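Q: First the structure, then my questions, so here it is.
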Amino acid sequence: MKGKILLVLLLFWPGVCPLSFQEVHVKSGEMAVLQCPSYRGYSDGDAEVFWTSHTVDEMKLFNMSTSAEQRQMGVLVHGRILVILRASVNHQENYSCSFRNSSRRSWINLRVYTVESKESGKMIQDSKTCYTDKSCTLYCHDENILFDTWNITRNSTTCHKEGEPSPKDGYFSSVKKEDSGIYTCTWSYLYDGQIYNMTSMVKLDVQPSKITKKAVIISPENKQVFEVDLGSTVVIDCKAVMMSETDDLFWLSGSSFVDTDTSLPIFYNDTRVISTEEISKTTSLIFRKVSEDDLSKNYTCKLQSPYQTSFVTITLKQKASRSYTSLGVCFLIIVVVTFVTVVIYVKFKIDITLFLRDTLKWSGGISDGKCYDAFLMCYKCDTAGGLNPSDKRWLESVLEDKFGYSLCLYDRDVLPGKAIADAVLDCVEQSRAVVLVPVSPDPDPESGLLSAIHEALVERQTRLVFITTETSMASKSDSFPEALQLLSKAGNCVTWKGISSMPTSSSFWKQLRYYLPAPQQAPTVKLLPHTIQDITS
């Protein structure tokens, strides 16, 4: 209380012009540093500084001229700096400093506290704000002392919170909310073989982590090249995420700004979307008609904000002209392949069909319920080129035994006693095909029924194979009866060439098998319902 009264009296003492006033708080037993503030017209090297301590009883003068005596008292003075090596309650008083030839003084009130003092909280000199789950480093206040003047060296530094282990060098790799509090930083100094301490306090305030946003251009990519057609309309979008509504996004053509005037050949327009999470903007660069001059320029989308600037640069490139060479070659190849395929099929369709039948066992369709694959019917050949009985038997034997056809033969499968016409029509009805075989004079009885079966063949759409001979073909079909001419036109003709047609690999057998349906498993019941009892009745 006495010190404050004395300070008030001195501040208003006649002839004293106060310059400034400050308080310094020091822990008892530690180093106290007092600094005299400089003012206009004076600096450290311009004039001598006088330090004075003021108590109710006396005034002591400290300056550099009495340094030996001062050191014995634990006081060091150099210019604007006064250091008390070990402060005690006896040093708790008012100090003033002034420059020579100046009536102005600066006042410093030194307050020395013990550990138990309730006012020790006033020693807090710094505060630090950090954010959870982030790294944090405490930087305590370190007095700017002219250590080189007195050969004072820093020995160590510690920073700790009461009751908790101290972080190394005041560094937190990931600070937590519970790390908040008051931290004490202690510096140790070595002087003249003695260790002196100086303490400062810092308040750490840990706040929830902040979400730091960064304005960035999403598209297009930098140095991206866009292929365009000359004379076409092109739109290039520049998309960006922004930090605030004040951020700007625009286009440059070379070093010139692109205008928003829609009547210009090149212009831009933009759209902005604001949500609770972010601000996004799209700026579209529009070319009404791309010209060759547009291909020679660089176009830059620039994002500008108070905190940062970023940009991407793009160029235009004319699309390569379309080449129809490859298309023409492909078309030609397709035509050639199709033509070759057709030629091969036309020339070898018989061999291909028979190969599929023999190899894949194609039956040509589901069973139609007929009893026979073919009905062999003879017709009279007036020339000597017809098949003789031996050739006819050979034909029947190869079809049945070699190729597996089920044949209906008049002399074998038709029971006697029924009218010839009815029997022949029943054979046609129960067969999938009819084969007309030329024979020499005196043929089988059914040769006179050609006219009767023609209508039945047409009505039932039964397949007909007409076997001719080289002699009968040479005599022209006009020599045939009218009914036979009709049948020859309705069926597929196969020419018998005598001995050369006998091998099963000959063209005769290939053509005959090709025109006939594939052999199927026929029912075991024979076609004619008439029994011997019918004949005898």
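The values are calculated or read from the model by the stated rules, or taken from the named source; none is laboratory data. Here the structure is a predicted model, which means the values were calculated and not measured. Using ideal geometry, Cβ is built from the backbone for each residue, glycine included, and neighbour counts are taken over all protein chains shown.
Q: Being at pLDDT 75 or above, out of contact with any Lys or Arg (no Cβ under 6 Å at 6 or more places or on another chain) and closer than 29 Å to Glu23 by Cα, is that true of even one residue in region 166-179?
A: Looking through region 166-179, none of the residues is at pLDDT 75 or above, out of contact with any Lys or Arg (no Cβ under 6 Å at 6 or more places or on another chain) and closer than 29 Å to Glu23 by Cα.
Q: Counting only residues that are more than 16 Å from His91 (Cα to Cα) and crowded, with 18+ Cβ neighbours inside 10 Å, which one in region 20-58 is modelled with the lowest pLDDT?
A: Top of the filtered list is Tyr42.
Q: Which ones in region 313-344 are surrounded by 10 or more Cβ atoms within 10 Å (Cβ to Cβ), under 30 Å from Leu252 (Cα atoms) and not hydroxyl-bearing (Ser, Thr, Tyr)?
A: If the condition is that a residue be surrounded by 10 or more Cβ atoms within 10 Å (Cβ to Cβ), under 30 Å from Leu252 (Cα atoms) and not hydroxyl-bearing (Ser, Thr, Tyr), then Ile314, Leu316, Lys317, Gln318, Lys319 are the ones that fit.
Q: Here is a follow-up. If Ser280 meets every condition in (1) under 19 Å from Gln318 (Cα atoms); (2) touching a strand residue (DSSP E or B) at 6+ places or on another chain (Cβ under 7 Å) apart from one, which number is that one?
A: Single failed check for Ser280: (1).
Q: Could you check how many residues of region 102-137 are modelled with pLDDT of 75 or more, exposed (fewer than 13 other Cβ atoms within 10 Å of the Cβ) and under 27 Å from Ser28 (Cα atoms)?
A: Of the residues in that region, 2 qualify.
Q: If I filter region 237-277 down to residues being surrounded by 12 or more Cβ atoms within 10 Å (Cβ to Cβ) and not in a strand (DSSP E or B), which single residue comes out as modelled with the lowest pLDDT?
A: Residue satisfying both the conditions and the ranking: Met243.
Q: Out of all the residues in region 227-236, which are surrounded by 11 or more Cβ atoms within 10 Å (Cβ to Cβ) and in contact with a Phe, Trp or Tyr (Cβ under 9 Å, 6 or more places away or on another chain)?
A: Val228, Ser232, Thr233, Val234, Ile236
Q: Right, here's the next one. Report the residue count in region 279-312 for those that are closer than 13 Å to Gly254 by Cβ and of a type in the set (Gly, Ala, Ser).
A: 1
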